[in-house]
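The values are calculated or read from the model by the stated rules, or taken from the named source; none is laboratory data. All of these numbers come straight from a predicted model, not from anything done at the bench. Cβ placement follows ideal geometry from the backbone for every residue including glycine, while neighbour counts extend to all protein chains displayed. Only protein heavy atoms, including side chains, enter the accessible area calculation; ligands, DNA and RNA are left aside. Shrake-Rupley method; radii C 1.70, N 1.55, O 1.52, S 1.80 Å.
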Amino acid sequence: MEHYQYRPQGVCSVMIDFDLDGDIVRNISFTGGCNGNLKAISKLVDGMTVDYIESKLAGNTCGYRSTSCADQFAKGVRAAYNKSLESKEQ
């Protein structure tokens, strides 16, 4: 299991931490942002695959923003997963 940190852009959350076990995402925590909502998202998607998380959360917006903490999380898990695949190929 690998630990990743993702610095989201354009949202209130300043850091997203999570672990990847293959394509399974675990141990999710957000720093900053809407605490209760982000705790709920973390619990709901813990143990889900990168593809599932991306299908449910990518494209979500927050108010006038073109992104959200959930959308940024989807981007972060996809980037981490792609990075893990690249490192396995080397």
Only one of these is over 9 Å from the mean Cα position of the chain (by Cα) and basic (Lys, Arg): LYS56, LYS75. Name it. LYS56
Among all residue pairs at least 6 apart or on different chains, which show Cβ distances below 9 Å where the first residue, located in region 62-81, is closer than 14 Å to CYS34 by Cα and touching a residue at least 40 places away in the same chain (Cβ under 8 Å) and the second is aromatic (Phe, Trp, Tyr) and open to solvent by less than 10 Å² (accessible area, probe 1.4 Å)? PHE73/PHE18
Only residues in region 11-23 that are in contact (Cβ under 8 Å) with a residue 40 or more places away in the chain count as the first member; pair them with residues that are open to solvent by less than 30 Å² (accessible area, probe 1.4 Å) and in a loop (DSSP other than H, G, I, E, B), Cβ under 8 angstrom, at least 6 apart or cross-chain, and list the lot. VAL11/THR67; VAL11/SER68; ILE16/PRO8
